[in-house]
1. For the range 73-141, which fully contained strands (runs of 3 or more DSSP E) count at least 1 residues that are among the polar types (S, T, N, Q)?
2. Take I7 and decide whether it is surrounded by 10 or more Cβ atoms within 10 Å (Cβ to Cβ) and modelled with pLDDT under 50.
3. Report the residue count in the range 98-133 for those that are basic (K, R) and in contact with a strand residue (DSSP E or B) (Cβ under 8 Å, 6 or more places away or on another chain).
4. Could you run through the range 101-112 and say how many residues are over 23 Å from the mean Cα position of the chain (by Cα) and loosely packed, with under 14 Cβ neighbours inside 10 Å?
5. Name every residue in the range 63-72 that is outside any loop (DSSP other than H, G, I, E, B) and without any contact (Cβ under 8 Å) to a residue 60 or more places away in the chain, in order of residue number.
6. If we keep just the residues of the range 71-89 that are surrounded by fewer than 20 Cβ atoms within 10 Å (Cβ to Cβ) and modelled with pLDDT of 95 or more, which is farthest from A165 (Cα to Cα)?
7. Does L178 meet the test of being surrounded by 14 or more Cβ atoms within 10 Å (Cβ to Cβ) and outside any strand (DSSP E or B)?
Amino acid sequence: MQNLTQISRRLARALAAAGAVALAGLLLPACGSGPVAVTEPMLPSDPPDDFALAVTIFAPEVDADAISALPRSVRPARYVVEPDGVLRAAIGPGADADVFPAQTRRLTDRQRAQLWRLVRDQGLLATNHPARIATDRTYLSSPDRRAVLVEIAGAEQRRYLELYADDRASDPAVAVALTDRLAELAWLRN
């Protein structure tokens with residue numbers, strides 16, 4: 001009888017240990033220290049009422065002939081799109097983030113929505129975008145690169161990104177797509 005009691009206790013301990021191991025195996029993935037994927041909220045296809053965009057293209061060229069020979073997408077410029085659809089543009093080496101350009105035209109709702117979708121579809125609104133910077137207040141462009149400073153406002157949020165439109169950029173097509181569309185809307189010829 002005593003042997004039966006000892007066997008029962010051993011069996012109970014073995015079952016408890018096996019249950020603990022199984023439970024730990026189920027819970028460990030939930031407690032892991034690995035990266036947790038953050039899902040971006042679904043962004044609407046239409047721009048929020050407060051959608052605004054400011055894009056500044058810094059280029060190392062300062063000679064007027066060299067600048068005019070560049071594709072319009074990488075010429076030094078400052079574009080500002082206001083929530084009411086007003087597009088402001090300044091072109092040339094003096095156009096920097098401190099310039100507030102004169103009004104160039106008023107965009108249609110359709111054109112404003114296309115810009116919003118371009119920004120959204122290029123992933124520029126992602127909270128973890130690798131080009132995201134804290135602010136444009138202390139921004140200094142690299143003197144030997146075509147840098148594109150982007151400020152996006154919408155849905156009561158503001159984001160700043162530093163993109164590059166040169167051969168050293170990881171994905172220059174993102175910057176070029178945005179800047180070329182703005183240049184086209186500002187009636188710049190290529």
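The values are calculated or read from the model by the stated rules, or taken from the named source; none is laboratory data. Quick caveat: nothing in here was measured; it's all calculated off a predicted structure. Here the Cβ positions follow ideal geometry from the backbone for every residue, glycine too, while neighbour counts run over all protein chains shown.
1. Details: elements: 77-81, 86-91, 103-106.
Ranges flagged: 103-106.
2. Yes: the conditions hold for I7.
3. 4
4. Final tally of qualifying residues: 4.
5. Residues satisfying the conditions are A64, D65, A66, I67, S68, A69.
6. D84
7. Here the answer is yes, as L178 does meet what is asked.
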